[in-house]
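Every number here is computed from the coordinates shown, using simple stated rules; none is lab data. All values reported here derive from a predicted model rather than from experimental measurement. Note: ideal-geometry Cβ built from the backbone for every residue, glycine included; neighbour counts use all protein chains shown.
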Ligand SMILES: Cc1cc2nc3c(=O)[nH]c(=O)nc-3n(C[C@H](O)[C@H](O)[C@H](O)COP(=O)(O)OP(=O)(O)OC[C@H]3O[C@@H](n4cnc5c(N)ncnc54)[C@H](O)[C@@H]3O)c2cc1C
């Protein structure tokens, strides 16, 4: 899933000064799972804004809503009326949802409420961690199912750097394991250490973010 | 269906009555005082921000439930005048009126309000409410014909039949549960009780702390003196009262919590281990700054400064200290009229005044039989019931759903009566046998190929077997068991874990001079005889506090080795755990036979130097580090934390405590319940190692299981949480956070769902769900937010 | 006993057990100015509910839960603790001041403790501290 965390209230609140009718719109997918922008968070943020307004003597109507996904146009239909009526919308979706909302409702002011973080998994309730960097050229076959791009802080392809110590990464030795240690341990477990002797050429990053905005076109499924 | 008589409406009598009534029997309880509940009525909740498991809240809940039961009739202010126990048991009693039949009472207070002289007091403690009459004031007892309380009672719960009425009660059997009196601290004249101000007893402090934050003034200096009238052969009381360390430490913690400036000292002989996470508890107290001083003061006087000056034996000398207030931790002594009851019912009384019954239809339980805590009294009462009513003791009642809740549909969910018991140690075997006797089909499995000595006829015993997967829920578990014949599939209504602990065996040295305590006897025998006397060490309390179980093993081993030629046994311990009469005797005889007990403080180190063992420790008497050489040392595994099998815990879906033993240390689950309905756990895996206690817990487990499965159905009110299919996104939060494992995924509907018979309706999942997809009926947000002073604006 | 001066009542969220202690408060005047909302377990409480109460101009929110290790549902009280902390942080962040939400652990027998807490809260409200 795409993970995100909420921005500091102050940052969100700065944006909406002077707005008369505000809609806080949640997203019912990834960000609900990672507890950042689902219906519960919408309720909390909306209440917070209303309370802050009262404290500051501002009058602003704050409406609340949550749709299935903000990354598919059709789902906006159910919230269309609310969005139209609002002067501005705070989207509690990931960066994708915020932009899609803005695209769909031209002329509507849209603000993000979240900082979108990474593609991650739930380690346990309240703990999420990154697994994929979306490089566009999956190499997990060669590394026993552990990604050097996403799990090594430097995205090194041919073994660890000198900053790997006691299994931990120098970038954050307290919490971040060295990706290459994980790869090594796993390959050893699988009895495939010899696979690691293969030298990987410099990565062509153009298949991912460095190649510019990504786009997938599937003629076979296009209507 | 029979009628039983119970004498004494303390927690013991009431607990027994509740079980009897649940099994369909009728119970008459005779209580000599005007109040129901016994000593527990005067006890404070001993929680700070965290519970200390004193059991007082549980007792009150139990009292509240029992008195409302229509099969239980409690007669207060009643005296037994005559007992004839020939062919049947006939008892003549005399009771003071008015009486209240609580099964009819609606607790509306009309009686209190209508009494012209205000002789009725209402007391409420948690769920438990009762009305107490002051007969001194009551007009009825002044010869007037007043019956205002009766006339004004809207539910016909008040009964009056003259000021005093006589009646004869015939019963199938009687249970004597007359409890105890506190040891009279006045007997210890030098300790100043009743002579000096600000000298209190434990029960005074219980009472005071129920309504006040301090004893005498805020920021006072309080000292607790343990073992007042316990472990005191001179007073003819050579036994540990077993409740005083627990109440004193808990009360001390409460005092310190309520005011950090309160200074607290505890004078003691040995602190008893009374809780499965006791070491953590004691560390907490020490961390709060509570002082533990070994040695019992022998004299208290008012010092020149006006404070209480205590003299304490200190090594060979005497030291003195001053305190503002003293708490004498008095022990358990016979009930006031214990002799009379013993005469009436032909009971036996031991040298300390504890009662037992030689008669077939008279039973004794509670603190009149031996020292017991509240929770242990409740368990013991259950065990007594088992003897009273025979084992297949009647039909269980199907729990009634109270009328105000029937806004919801009530459904009968059938459940299986088959029970799986995992682990064939004493805990598992006792539970299995008890259930078998009650008539349930029992499967007992053990991963080892063991052959139990007990007769397990009728129990399906499969050795070399393990549970490998578990599905379903209470009443309908589906288990895969790996047996020597391959994987077999079974269905069970209930599962009991009695799997003991994983032996972590890290107590043994390579050079062979340090062995595990259970192998010490053999290891000593295997040695060549030496000319000179050799010292053998037994080391207790190495990392955590020992329990009664390992203390018993240590003492028995010590005695056995000491009695051989030329051996001197030293037992190194922090405290001797003797909270059971047989242990105190064992302790006495091992000292008599020459075993030396050395009490250390802080950390002790044991080194194997190849030729023997070197033990180093801080001696609190000599106030320096001491080194002792022995030929061999036995280390008690009880002094090292032992974990339950984590894989099994996961499989069963049950949680653990801070030591990795089964189940959080939560009183609501005592003694054998777990977070998951239908799963029970007891014995060492739960942290209880002491044989006699395990037997009691096994009985309690069997009774809880019986209560659950006897009706063959579970009556479930369908007020469990409801998941909105459209909103649920299967994030698993509810499944992870449900304490009782009531949430599952309905794959057809593609959403989470609660299992009605498991859901406890706590609403924790509602509080967690990030999509706000779950609703607890009756607790919708709009309903919660409704306010009496809503001006229609919201 | 002086009246709480705010327009609306202060809210007591409590679980079924701690509500027994509230109901057993001897000096019932202490309860004037408060309204009790009973939840089955304190773990049912949500931050959103707390904030909504503040929005509705209830001046103060008191949350009562069972002592730790005494929750019938094991950890409901710990969940409530976290939510109360979060609610206070939010109040701080949005500039209405933390300390409007208070949580205490009380058992069903702790009427005496509830009385003390109620007195402290009254003083806090009347003293204009919030
Ligand atoms: C100071 C102190 C503090 C304690 N604190 C704790 C604690 O915090 N936690 C804990 O677990 N345990 C505690 N205990 C132990 C606890 O008191 C007992 O476990 C409990 O009271 C035992 O209950 P019981 O019903 O057996 O006896 P009791 O509570 O003594 O009840 C016996 C009942 O029988 C009645 N009775 C007596 N004689 C007769 C008669 N002739 N006819 C009719 N009725 C009669 C009595 O009036 C009484 O109601 C404490 C003990 C002491 C001394």
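Observations, loosely collected:
- Oblate is the label for segment C:20-99. Its Cα gyration tensor axes, ordered a ≥ b ≥ c, give a/c of at least 1.5 and b/c at or above a/b.
- Geometric extent, Cα atoms of chain B - Rg, Dmax (angstrom): 28.7, 97
- Structural descriptor for segment B:207-277: relative contact order 40 percent, calculated from alpha carbon pairs under 8 angstrom and at least 6 residues apart.
- FRET efficiency for residue B:161 and residue B:197, using Cβ-Cβ distance with R0 set to 41 Å, rounded to 0.05: 0.35
- Whole-Å semi-axes of the ellipsoid equivalent to segment B:719-785 (Cα gyration tensor, √5λ, descending): 17, 14, 11
- Residues listed by number, segment A:103-128, amide nitrogen under 18 Å from residue A:174 label point at 7 Å toward C-beta: A:127-128
- Fully extended contour minus Cα-Cα distance, from residue B:207 to residue B:621, at 0.36 nm per residue: 145.5 nm
- Beta bridges per DSSP with both ends in segment B:87-229, % antiparallel, nearest 5: 100
- Taking a point 7 Å out from the Cα of residue B:730 in the direction of its Cβ, the residues of segment A:122-139 whose backbone N falls within less than 19 Å of it are A:122-125.
- Within 10 Å of each Cβ in B:48-56, the average number of Cβ atoms from other chains: 4
- Cα centroid separation, segment B:1-55 to segment B:338-370 (Å): 18
- The mean number of Cβ atoms from other chains found within 10 Å of a Cβ in peptide A:46-57 is 5, as a whole number.
- Ranked by the mean number of other Cβ atoms within 10 Å of their residues, highest first, the peptides B:472-479, A:126-133 come out as B:472-479, A:126-133.
- Among B:3-11, B:227-235, B:719-727, B:83-91, sorting by the average number of other beta carbon atoms lying within 10 angstrom of each residue, highest first, gives B:3-11, B:227-235, B:719-727, B:83-91.
- Fraction of antiparallel bridges per DSSP, the protein assembly as shown only, in percent to nearest 5: 50
- Sorted on the mean count of surrounding Cβ atoms within 10 Å across their residues, most packed first, peptides B:594-605, B:706-717 read B:706-717, B:594-605.
- Once the Cβ-Cβ distance of residue A:133 and residue B:510 is raised to the sixth power relative to R0 = 60 Å, the FRET efficiency obtained is 0.75.
- Shape class of segment B:97-163 from the alpha-carbon gyration tensor: prolate, with a/c at 1.5 or above and a/b greater than b/c.
- Classification of segment A:1-106 by its C-alpha gyration tensor yields an oblate form. The axis ratio a/c (a ≥ b ≥ c) is 1.5 or more, and b/c is at least a/b.
- Per residue, chain B reaches -6500 deg cm²/dmol at 222 nm when only DSSP H runs of four or more residues are counted, each adding -39500 (n - 2.57).
- Spin-label model, residue B:337/residue B:480: points 7 Å from Cα along the beta carbon direction are separated by 6.4 nm.
- Cα centroid separation, segment B:277-305 to segment B:149-217 (Å): 29
- Residue B:409/residue B:81 FRET efficiency (R0 41 Å; Cβ-Cβ; nearest 0.05): 0.20
- Distance between the pseudo-spin-label points of residue C:85 and residue C:7 (7 Å out from Cα toward the beta carbon): 3.4 nm.
- Along each principal axis, Cα extent of segment A:75-134, largest first, Å: 40, 23, 18
- The distance separating the Cα centre of segment B:66-139 from that of segment B:510-558 comes to 57 Å.
- Here the gap between residue B:582 and residue B:257, fully extended at 0.36 nm per residue and compared with their Cα-Cα distance, gives a gain of 113.4 nm.
- Label separation (residue A:216 vs residue C:119): 6.7 nm, computed from points 7 Å beyond Cα along the C-beta direction.
- For chain B, relative contact order (Cα pairs under 8 Å, six or more residues apart, normalised by length) works out to 11 percent.
- Semi-axis lengths, Å, segment B:181-333, gyration tensor of Cα atoms, sqrt of 5 times eigenvalues: 20, 19, 16
- Shape summary: the protein assembly as shown maps onto an equivalent ellipsoid whose semi-axes, from the alpha-carbon gyration tensor, are 54, 42, 32 Å in decreasing order.
- Counting Cβ atoms of other protein chains within 10 Å of each residue's Cβ and taking the mean over peptide A:19-31 gives 1.
- DSSP beta bridge pairing in segment A:2-117, given as percent antiparallel to the nearest 5: 15
- Value of relative contact order over segment A:2-117, rounded to a whole percent, pairs C-alpha under 8 Å and six or more apart: 36
- Length gained on full extension, residue A:81 to residue A:63, computed as 0.36 nm times the residue gap minus the Cα-Cα distance: 5.3 nm.
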